[in-house]
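Data first, discussion second: the structure below is written as structure tokens.
The values are calculated or read from the model by the stated rules, or taken from the named source; none is laboratory data. The shown structure was predicted, so the numbers you read here are calculated from the model rather than taken from an experiment. When we count neighbours, we look across all protein chains shown, and the Cβ atoms used for this are built from the backbone with ideal geometry, even at glycine.
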Amino acid sequence: MRENENVILSFAIMAVLIVFVGVLQSWGVALSILNLCLISAVMTMGANIQWGYAGLINFGVMGFTALGGLAAVLVSVNPVRKAWSVGGIEILVSIGLILLLVLAIKVISKKIAQSKKRNILIGGIIVIFIILIRTISGPAIEAIESVNPATQGFLGGLGLPIIFSWIVGGLFAALVAFVIGKVALGLRSDYLAIATLLISGIIVSIVKHEDWLSRGVKNVIGMKRPAPYEIDLQQAEWFINLVTFLNSSKLNLINDVIKKEKFLNQLVMDASTIFVKLCFAGLFLTVVIILLILTQKALYSPWGRMMRAIRDNEEAAKAMGKNVVKQHLNIFIIGSSIIGMAGAMLVTYDGLFTPVSYQPLRYTFLIWIMVIIGGTGNNYGSVLGAFIVWFLWIEAAPISLFLINILTSNFDHSNEFKKHLINSVPYFRFIIMGIGLLFIMRYRPKGLLPEKIKIQKI
């Protein structure tokens, strides 16, 4: 009962803080924080499933997030027909050759026993296939990237509603997680962490430099989204009438027709931004609630109890006949797929895909800080950690600036020390996050909402 009270109180405090931002700054900023918190909550739930349920350290969150973003591009962007005509077939043939190479290696590994001969044969096949793939894909890639590179220069996507990319992003991440798991899950947890970090770097590097696939550093902008566009709302009669009705008392106080029209236009513009962000908030909140329900059921199911048993004592679980590696693979895939879905959600919200923005600090280590602060093994804790950390990450600058202005109110504006503090405001978020993390690790090492094991009465 006390646990439920703590959960309710914690989220009530976060709700109040977001409302304060809306009142003191703007509701647009408050809703942006809410939406980014919800997306981060999905990421933290994926990481918490891996670490909190099974003790798996995944430092590849950045890579799986990028895969989700790539899925958003490949699903929603309209296909570039000219690019497909000059090199699309060759790219498909190259992908087919890659799949054939994987199949050939698998067949050889099964048919021929481990030996020097098998290694030489596999190595020779890999070299031949690489040469063949490069010969076919090289000219095709150059032709594709030369097609109107200012706005296109890539194959594009399927032109489907972007919300489908949330599922596809999860599938992309699950597929890569399967490959990683097959290679690295038999290793020690620290080796797994290193492997996932390196592979995530490879994924991001591919996304950055393969222009034919995702435009690389030139970014993909103007992507489709499930919410209406602000400009369309501002021109919609029903929306203008709604804003007019809701603000009739304010408008009636203005007698000048021109001023009233300008004021109404500003109200419509502000309301359109808020309406769109509310639509996104509704979608993201629905996903978070569904995931919370499913993860809570999984946590207290026989499967969840088995995973925690494996986490706490692998040797004992093996002695009881549990396939530890198989179970680790399953949960690694599940957690990674959720992170991939969150990556697609983020690109959906931003409306653009920027590969250079995928940095380990933001998309790996900050996510882990969220999980640690919230409480590993507790689904509500992981969501709470996402809200706290992301709120502080955004609001650290304005809070720091406010405090600096108060503390240096007696200083002249030309004072070098005051100017230095003001110029250093963007870096205060790191100080705040570091101090907060130290306090949590010192006084609440299990997080603000630590894992609670329900003991069933017999």
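For region 71-85, the tally of residues that are surrounded by 17 or more Cβ atoms within 10 Å (Cβ to Cβ) and either over 22 Å from Val168 (Cα atoms) or touching a Phe, Trp or Tyr at 6+ places or on another chain (Cβ under 7 Å) (or both) stands at 6. Scanning region 214-255 for residues that are over 30 Å from Ile141 (Cα atoms), among the small types (Gly, Ala, Ser) and surrounded by fewer than 16 Cβ atoms within 10 Å (Cβ to Cβ) returns Ala236, Ser248, Ser249. If the condition is being within 34 Å of the chain's Cα centre (by Cα), closer than 12 Å to Ala271 by Cα and not charged (D, E, K, R), then region 230-242 contributes Ile231, Leu233, Gln234, Phe239. Considering each residue of region 334-349 in turn, none proves to be hydrophobic (A, V, I, L, M, F, W, C), free of Cβ contacts under 8 Å to residues at least 24 places away in the same chain and over 15 Å from Ala177 (Cα atoms). Number of residues in region 376-427 that are loosely packed, with under 12 Cβ neighbours inside 10 Å and of a type in the set (Gly, Ala, Ser): the value is 2. Filtering region 253-264 to residues that are more than 23 Å from Phe275 (Cβ to Cβ) and assigned to a helix (DSSP H, G or I) leaves Val257, Ile258, Lys259. Among the residues in region 219-227, are any assigned to a helix (DSSP H, G or I) and not assigned by TED's automatic domain parsing to the domain that holds Ile144? No, that holds for no residue. Checked against the criterion of being touching a strand residue (DSSP E or B) at 6+ places or on another chain (Cβ under 7 Å) and closer than 25 Å to Ile333 by Cα, the candidates Val179, Val77, Val73 yield just one match: Val73. Of all the criteria given as (1) assigned by TED's automatic domain parsing to the domain that holds Asn330; (2) in contact with a helix residue (DSSP H, G or I) (Cβ under 7 Å, 6 or more places away or on another chain), the one not satisfied by Leu74 is (2). Taking the stated definitions as given, is Asn405 at pLDDT below 85, polar (S, T, N, Q) and over 27 Å from Phe20 (Cα atoms)? Judged against the criteria, Asn405 is not a match.
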